[in-house]
Amino acid sequence: INFEADKEDLKETTTKEAFNKVELLTTLVNTALKGNSLREIIIDFSNKVKKIIDFDELQFILFNKIDEKEHEVSNVIKCLKYKNKRLYEKNVTYDDLKGSVVEMMINNSLPVTLDLHSANFEIKDVFNNSVYNKDENRYLNSIPCSYKDDTFATIIFSSKSIDLTDYSSSMLLKIAAKMLESSLIIQFIEEKNRIIENLNSLIVDENN
């Protein structure tokens, strides 16, 4: 995945300080994402990004791993919530996405940024299954993770004071999300390869 175009775009339209944040962000996140599990990767990623953009909460919603069999449908969605340096986890269903920023993103096939104080409609928090408190989560920035044009996850950043909808913040979060996307794709492919190797070994043992 090429981040240079986004970095150059941000450099052309923002201050040197903002561009320095991009350089620091890519350095920090590159040194992260080394965990062996999804939980380790998400919490490491969240800790690193928070040093650059002080968001209040992150939700990572995994629809399906890229190595699942084609046409195999599961109604279980993994939802991870990062807040106050802790990570919480629960399973939700596709019905729980109704009325959420994730549903808006899927319908429009684009990232969604919202200032809830300006919105004239309510948005549901997927993890809590309740309407967002506009004072605790004023700004939302939802970014998809994709593989071969298929969205397999969404990252939702929220903040009560840092404007996550402005251009500079959106570009920083977009770059960070692309780096996470790349790491997860590599992890899922490696996991798929391990499964195939194990199956091949079992087949060989059976034939022997």
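Near Arg138: Cβ cut-off under 12 Å, other residues only, Lys/Arg at +1 and Asp/Glu at -1. The net charge is -4. Packing, taken as the mean count of other beta carbons within 10 Å per residue, orders the peptides 175-183, 92-100, 152-160 from highest to lowest as 152-160, 175-183, 92-100. What is the range 110-186 by shape, rounded, prolate or oblate, if you read a ≥ b ≥ c off the alpha carbon gyration tensor as root eigenvalues and call it rounded for a/c under 1.5, prolate for a/b larger than b/c, and oblate otherwise? Prolate, because a/c is 1.5 or more and a/b exceeds b/c. Checking the cross-link pairs Lys90/Lys124; Lys85/Lys148; Lys51/Lys78; Lys48/Lys134; Lys90/Lys148; Lys124/Lys178 against a 23 Å limit on the alpha carbon distance flags Lys85/Lys148; Lys51/Lys78; Lys48/Lys134; Lys90/Lys148; Lys124/Lys178 as lying beyond it.
Filter the GluC sites (Glu not before Pro) in the range 67-157 down to the DSSP loop ones having no more than 15 other Cβ atoms within 10 Å, then list what survives.
Qualifying residues, ordered by number: Glu68, Glu70, Glu72, Glu122, Glu136.
Throughout, read-outs are computed from the coordinates displayed, never taken from laboratory work. Since the model is a prediction, treat every value here as computed from it, not as a measurement. Please note: Cβ atoms are built from the backbone with ideal geometry, for glycine as well, and neighbour counts cover all protein chains shown.
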